Every structure is written in structure tokens, then in C-alpha cells.
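Let me begin by presenting the structure, written as C-alpha cells, before commenting on it.
The values are calculated or read from the model by the stated rules, or taken from the named source; none is laboratory data. Not measured: the values here are computed from a predicted model. Ideal geometry is used to build each Cβ from the backbone, glycine not excepted, and the neighbour counts take in all protein chains shown.
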Amino acid sequence: MKPSHLFLVPLVLLYVLALPLTGHCTAASFKIGLILDQSGKSRVDQHPILQAVELAVTKIGADHRFGNMNIQLEIFDNGGSVIGSKLAALKAVRSGVPAVIGPMRSSNALISAEVLQKAGIVMITPTATHPEITKERDFVFRTCYTDRFQGDTLSKFACSELNAKKTVVLTNTKDRYCKGLAKSFIQSYRQCGANEITEFDYLEDVTDFQHLVDAVIPLMPDLIFIPGYSRDAGTIISTLRRSGSTALLLGGDGWGTQPIHKFAGDAIFGAFRTAFWHPALQNPVSRTFVKDFESRYGKVTRLDIPSAYDAVMLLAKAARIAESRDSRTIRDTLKSTQAFMGATGALRFDPNGDAVKQAVILKYTTGIPTFHTVVQP
């Protein structure tokens, strides 16, 4: 080597040391789809979910542990409907994304899962809890618990802590989530020995629930379980209290899709519901999520958005470990997940792709629910 070339040696060494240790793909772009209500009546309500996803994308890009991964987010609007969710999933297939996050509601997730499974594209729903979503679909996962676990948790809580003997269940017959959670709750509740259960049905677009409440009041139940969404459940609760019912009130995670206090008013005070997460959880990832989200977007208004944050983190981790952007390889890596710590707590996937994780029970002492307890799987 000529003396004049000696000065190149340190530069070559620096270049070699700067190369990523996990292969060239860790520095490449990773395209992820997001099926979300960008139009329709749920558009404003789901915007915080988009913010949580964008926060995760930013965090991953700045974290050297992900090898400077550049996530490109492509949003597919489902319009908040079942048919829109099928069309959004078909658009995701045509776009060539290897993985999709969403949809959020069970009815929408069920149809998207059918399309994406057939196409061999990974799907992770952050909030859709219906058990059928992942059934016999090896490309489909969720970062939330299932309605089987949620229904079992709620029924045991009703039997042991609320000491309810006579219970009424009010079910939205047009919604898959509501029907599934009601069924799970009733089956588990009867196993607790509480057999005095009466179920009433209502339709999703009803706005006057007085006729329904008039049928419930004469039964004088100890507990009324309403496994619906914020608007319906809140309006029913307000009507129940105006009509003189003093029954304990219980709901599922669907009560958190909008601030239920907006529909129920002070009638919500004393009610309980499940949730995926609460800011009072003290795990370090949760505390960091709250700090980062609130510094960027303001107060956390929905308690399900960290589940979307965790979904992005899981996909990025799987892509990094697999050193691949291939759907099948990412799927196989996700299936082997056993000890992921996310904002919503510890998570592992069972053979169906369902998250095995804790549930949080909240109590309404004001318009904003407070942390009550955690139930482990």
C-alpha cells in the first residue's frame, strides 16, 4: 500500500462499523396499512387512534434498536361500515402492503379478516374483541383480549364483587360485538350459579329507549349489563335512571368509543366497565406512552388507543427480528411472541393469534372513569 493511501484505512473501518448488524433490510422502508374510519359518523372518535399509530411510527424511526426503520403508513378509509371495511381491505391487498392494522369494530374486522387472510396479508386489530375474527385465520391477530375473556371477567366480577342475583342484559341485535359479548357474559354468569337472567333486544339506530326501559323496570334487577357502545348504552342508562331504576350498571370496553358521560350524564356515576388500559397502570412503557402522547397531542381521551400503539410496535419488532418485510415471515415471527411488554401490559399470542393479557375494570365516580382493579388471564 502506498503511504498516500494510509489515510483511507480509518475511513474504511468507520464505514464498516457503521453498517447495520442485522442486514440491509433493517434500514429499508416498511409499508404498513391502517384501516380506519376516515369518514362516517365515527371519524372524529377514531382520530386519536390514528394519533397513537403515528406516535408509534415516529418512536420507531428514532429508536436505534429498530435499525432506523422507516415505516410508511398507508391509510384505507372504511367509512365506518362493513362493506366499506371489505373495500378497504381489497385496496390494501392491491397496494401490496405486507401488514394491516385495524379495523377497530368487530363487525368491520370480521369482513376485513376474511379478505386479508385469503390474500396472505398480516392483520392486527387493536380493539375488535369478537372471538370469530381470528378463528382458523393464521394471518390474523389482535392486541386486545377477546369477548370470551371479557365476558368471563365481567360475569365473575358481577357475582363476586357486585353480588348480583337478578340480572338483565340489553343486547343490540344488529352488532356482532354486542351479541358476542352478551352471549359470553350470560354463559359464564350461569356457571357462577346466577341463573336469574333476562335478556332484552334493541336495534342499533333506536334513539328512544323508553319502551325498552318500561319492560325492564318491573323486574327490579340488581344488575343491568349493557354490552354496547357509548351512545346506545349512555342513552339507555339516562332513561333507566329517569325512570327510577337503582340497579347497578355494568358494561364492556365498547363504552369507551366516545365519552359515555356525554349521553348518560350523571346517571353514569357508580357504573363499572372493562377497558384494555388506564393511565394509572404503572408499567414503564405505559408511562412513556402517556408522556409522549400528551406532549404531542394533548390529553388521552380514549383508553383503547395504546392498543393500536402496541400493534405498530409488535409489527416493527417482528420485522426487525425476522429481517424481512415478507408477510409470511412476519406472521411466523408474531406467532412466536411470548413476552412482549407494551403500553397495555404484558402480552403473548395463543395459537389462534389472540392476545393473552390482562383486563382493567374501571368505575365511574365522575364523568371520567377511574381505575378500579386489574384482572389477569
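Odds and ends about this structure:
- Residue count for region 259-290 satisfying the condition of being at pLDDT 95 or above, farther than 24 Å from D152 by Cα and part of a loop (DSSP other than H, G, I, E, B): 0.
- Residue check for G256: at pLDDT below 95, surrounded by 20 or more Cβ atoms within 10 Å (Cβ to Cβ) and touching a Lys or Arg at 6+ places or on another chain (Cβ under 8 Å): yes
- Taking region 107-116 as the range and being buried (at least 19 other Cβ atoms within 10 Å of the Cβ) and free of Cβ contacts under 8 Å to residues at least 40 places away in the same chain as the test, the residues that pass are A109, I111, A113, V115, L116.
- From R320, R325, residue being over 20 Å from the mean Cα position of the chain (by Cα), buried (at least 16 other Cβ atoms within 10 Å of the Cβ) and assigned to a loop (DSSP other than H, G, I, E, B): R325
- Top-ranked residue of region 147-184 - restricted to ones that are assigned to a loop (DSSP other than H, G, I, E, B) and touching a residue at least 60 places away in the same chain (Cβ under 8 Å), ranked as nearest to the chain's Cα centre (by Cα): D175
- Boolean, L281 is among the hydrophobic types (A, V, I, L, M, F, W, C) and touching a Phe, Trp or Tyr at 6+ places or on another chain (Cβ under 6 Å): no
- Which listed residue, of T337, T301, T373, is touching a strand residue (DSSP E or B) at 6+ places or on another chain (Cβ under 9 Å), in contact (Cβ under 8 Å) with a residue 12 or more places away in the chain and under 23 Å from A52 (Cβ atoms): T337
- In region 260-316, the qualifying residues are those that are over 22 Å from I361 (Cα atoms) and aromatic (F, W, Y), and the one that is surrounded by the fewest Cβ atoms within 10 Å (Cβ to Cβ) is Y297.
- S85 vs. criteria over 17 Å from the mean Cα position of the chain (by Cα) and of a type in the set (S, T, N, Q): no
- Long-range neighbours under 9 Å by Cβ, at least six apart or interchain, first residue surrounded by fewer than 24 Cβ atoms within 10 Å (Cβ to Cβ) within region 121-136, second in a loop (DSSP other than H, G, I, E, B): P131/T146; P131/N352; P131/D354; K135/N352; E136/N352
- Any hit, region 132-144, residues being among the charged types (D, E, K, R) and more than 30 Å from A318 (Cα to Cα): no
- Of residues in region 33-57 being among the β-branched types (V, I, T) and surrounded by 14 or more Cβ atoms within 10 Å (Cβ to Cβ), the one nearest to S107 (Cα to Cα): I35
- All positions within region 127-146 that are closer than 23 Å to P48 by Cα and part of a helix (DSSP H, G or I): none
- Every residue from region 107-142 that is among the small types (G, A, S) and within 15 Å of N352 (Cβ to Cβ): A109, A113, A128
- Residue match in region 291-303 (condition: modelled with pLDDT of 95 or more, under 30 Å from I237 (Cβ atoms) and not in a loop (DSSP other than H, G, I, E, B)): yes
- Taking each residue of region 72-94 that is at positive phi and looking for partners that are hydrophobic (A, V, I, L, M, F, W, C) with beta-carbon atoms closer than 9 Å, six or more apart or interchain, yields G79/L87; G79/A88.
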